[in-house]
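One structure below.
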Amino acid sequence: MSKTVKSMLMRDYTARSAGVNDAMLISIRGMKAIDTTKLRTKLRKSNIKVTVIRNSLARKQFSGGPLANLEKLLTGPSALVISQTSVVEAARAIVESLKDFPTLELKGAVLDGTLFEGKKGVEELSKFPTREEAVGQNLTLIVSPGRKLMAQIKGPGSSVAGLVKAIETKLEAGEAISKN
C-alpha cells in the first residue's frame with residue numbers, strides 16, 4: 001500500500017474517531033456481503049456506524065488516545081463500531097444482532113477507558129445502563145426521600161381536610177353534627 005493511500009486512510013480514521021472515547025471492535029469474517037449490508041443498515045438506523053479498519057494503521061491512530069486499550073484486540077479482520085449516542089447502545093444492538101448473524105465475532109469494547117474483552121465482555125457491557133438511564137436512576141434516588149417526606153407531611157393534612165369537607169357537606173345539607 002502506498003504512502004499516499006495510508007495517509008488518506010489515517011485521515012479517514014482520524015475524522016471518524018474524532019471526539020470518540022468509547023467504541024467496540026467486531027469481526028465480520030465469514031459473513032456474506034448481503035448479511036454485512038443488512039447488519040450495517042440495521043445499525044445505521046440506531047446511529048451506529050461500522051467501519052472495516054486496517055489493524056496496523058488503527059494501532060497508530062489509537063495509540064495514546066482514549067481507544068488505546070483496543071490495540072491488543074487488533075488481530076485478524078477488524079471492524080470498528082462507533083455509536084453517536086453510547087457504546088452501551090451499540091453493544092446492545094450488536095448482541096441482539098448475534099441472533100440473526102451468528103458468524104459475527106465480538107472482539108471487545110472500551111467504555112471510559114475500561115476494556116471489555118471478548119463476547120463475554122461485550123455482553124456484560126450491553127447490560128450496563130446508558131448515560132441517560134444512569135442519570136434517571138440517580139435522580140430517582142435523590143428525589144425519593146423528599147417525595148416520601150412530602151407524603152408523610154401531606155398525609156395528616158389531607159385527613160384533616162377530609163374531615164372539614166365532611167363537616168361542611170353535612171352543615172350545607174342541614175344535618176346535625178354529633179360530637180362522637
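The values are calculated or read from the model by the stated rules, or taken from the named source; none is laboratory data. Every value quoted in this text rests on a predicted model; they were computed, and no experiment measured them. Neighbour counts run over all protein chains shown; Cβ positions are idealised from the backbone, glycine included.
Under the condition of being at positive phi and among the polar types (S, T, N, Q), the residues counted in segment 24-72 number 1. Would you call GLU124 surrounded by 10 or more Cβ atoms within 10 Å (Cβ to Cβ) and touching a Phe, Trp or Tyr at 6+ places or on another chain (Cβ under 7 Å)? Yes: the conditions hold for GLU124. When restricted to residues that are under 16 Å from SER78 (Cβ atoms), modelled with pLDDT of 80 or more and hydroxyl-bearing (Ser, Thr, Tyr), segment 9-48 contains 2.
Do we find a residue being surrounded by 10 or more Cβ atoms within 10 Å (Cβ to Cβ), within 23 Å of ALA90 (Cα to Cα) and not hydroxyl-bearing (Ser, Thr, Tyr) anywhere in segment 138-157? The answer is yes, given that some residue of segment 138-157 is surrounded by 10 or more Cβ atoms within 10 Å (Cβ to Cβ), within 23 Å of ALA90 (Cα to Cα) and not hydroxyl-bearing (Ser, Thr, Tyr). Listed conditions (1) surrounded by 13 or more Cβ atoms within 10 Å (Cβ to Cβ); (2) touching a strand residue (DSSP E or B) at 6+ places or on another chain (Cβ under 6 Å) are all met by VAL52, apart from (1). For segment 85-180, the helices (runs of 4 or more DSSP H) that sit wholly inside it and include 1 or more residues that are touching a helix residue (DSSP H, G or I) at 6+ places or on another chain (Cβ under 6 Å) and of a type in the set (A, V, I, L, M, F, W, C) are 87-97, 118-126. Looking only at segment 123-143, residues that are modelled with pLDDT under 80 and not hydrophobic (A, V, I, L, M, F, W, C) come to 6 in all.
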